Amino acid sequence: MKRSLIFLFLGLLILGTSCKTEFEKIRSSNDPAKILAAADKFYNQKEYYKCQTLYELVIPFYRGKEEAEDIFYNYAYAHYHLNQYLLSSHYFRNFANTFYNSDRKEEAAFMSAYSQYQMSPNFKLDQSHSEKAIEAFQTFINTYPTSSRVEECNELIDIMREKLEEKAFYSSKLYYDMGEYISAANAFENLLSEFPDTKRNEEVSYLMTKASFLLAKDSVYEKKEKRFREVISLQEKFEKKYPKSKYKKELRELVEASNSELKKFRS
């Protein structure tokens, strides 16, 4: 039994070595046609690492030739399937710009944007890729307004904008929780400006008013009057927009405290 296992192990080892040697033979053959045929075979078998390596070898030989379109198309997808989204976005974009008469140009343009979307992280992290995805999807929509993919692009843009909104709120609230009230007030104001239809509008407006009050309270004497007046102005706008808000009572108390502070400047 033990001897059989040893022979089985040796057999598998020899088989693996043989396969590897065969790939190396193809890779080092300096025969573009042979390498390309093997690359296409590996691509169809979803052996993306192998086909990627071989495509890289033959690209210089087939640049400008009829085979180039399929090579670059498969090469871009090989990167995508290997989760190498930054590179796949680059190669899909290059494909769309290079093979402008191809019937796969639209697909490549979409996949370039979609690769950026795949790199979009949790909302707490840097959202550069989300912003780039939005820009790329919008460019796609503008370029192919009648495409069947436009609806999907708009849905993905909405997902990205929700992330950007969550990121903006998270960052603003973090300033608030850390007692950085001037940064918090400015960040909340920017959030409302950039996302006027946010579902958090009421909460953000409340926090902005409260941050402004805490800022005024901690301000130097020369800035207190102006900042307490700003608190009153924000509260008036808030109550006009949300007359039945659960924050109404608390914000009125802040106004009373602000008015008490302002009396000191009239004496």
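The values are calculated or read from the model by the stated rules, or taken from the named source; none is laboratory data. Bear in mind the structure is a predicted one, so any value in this text is a computation, not a measurement. Cβ placement follows ideal geometry from the backbone for every residue including glycine, while neighbour counts extend to all protein chains displayed.
Things worth noting here:
- Residue selected from segment 104-125 under the condition outside any helix (DSSP H, G or I) and of a type outside the set (Gly, Ala, Ser), by the criterion nearest to Glu162 (Cα to Cα): Phe123
- Each residue in segment 35-72 was checked for being surrounded by fewer than 14 Cβ atoms within 10 Å (Cβ to Cβ) and of a type in the set (Ser, Thr, Tyr), and 1 pass.
- Residues within segment 177-191 that are surrounded by fewer than 17 Cβ atoms within 10 Å (Cβ to Cβ) and either touching a residue at least 24 places away in the same chain (Cβ under 8 Å) or at positive phi (or both), tallied: 2
- Restricting attention to segment 126-176, the residues being crowded, with 18+ Cβ neighbours inside 10 Å and outside any helix (DSSP H, G or I) number 2.
- Cβ pairs under 8 Å, 6+ apart, first in segment 93-113 and more than 15 Å from Tyr75 (Cβ to Cβ), second assigned to a loop (DSSP other than H, G, I, E, B) and not hydroxyl-bearing (Ser, Thr, Tyr): Lys105/Phe99; Glu106/Arg149; Phe110/Arg149
- When Glu230, Glu222 are checked against the criterion of being among the acidic types (Asp, Glu) and in contact with a helix residue (DSSP H, G or I) (Cβ under 6 Å, 6 or more places away or on another chain), a single residue qualifies: Glu230.
- Residue within segment 101-116 that is of a type outside the set (Lys, Arg) and more than 23 Å from Asn154 (Cα to Cα) present: yes
- In the set (1) polar (S, T, N, Q); (2) without any contact (Cβ under 8 Å) to a residue 24 or more places away in the chain; (3) surrounded by 14 or more Cβ atoms within 10 Å (Cβ to Cβ), Ser89 fails one condition alone, (2).
- Matching entry among Thr209, Thr198 (being under 24 Å from Ser260 (Cβ atoms) and either of a type in the set (Asp, Glu) or outside the structural domain of Ser120 (by TED's automatic domain parsing) (or both)): Thr209
- Residue check, Ala76 buried (at least 18 other Cβ atoms within 10 Å of the Cβ), over 21 Å from the mean Cα position of the chain (by Cα) and in a helix (DSSP H, G or I): no
- If you go through segment 190-243 and keep only what is among the aromatic types (Phe, Trp, Tyr), part of a helix (DSSP H, G or I) and within 36 Å of the chain's Cα centre (by Cα), you end up with Tyr206, Phe213, Phe238.
- Residues that are surrounded by 12 or more Cβ atoms within 10 Å (Cβ to Cβ) and not in a helix (DSSP H, G or I) within segment 244-264 comprise Ser245, Tyr247, listed in sequence order.
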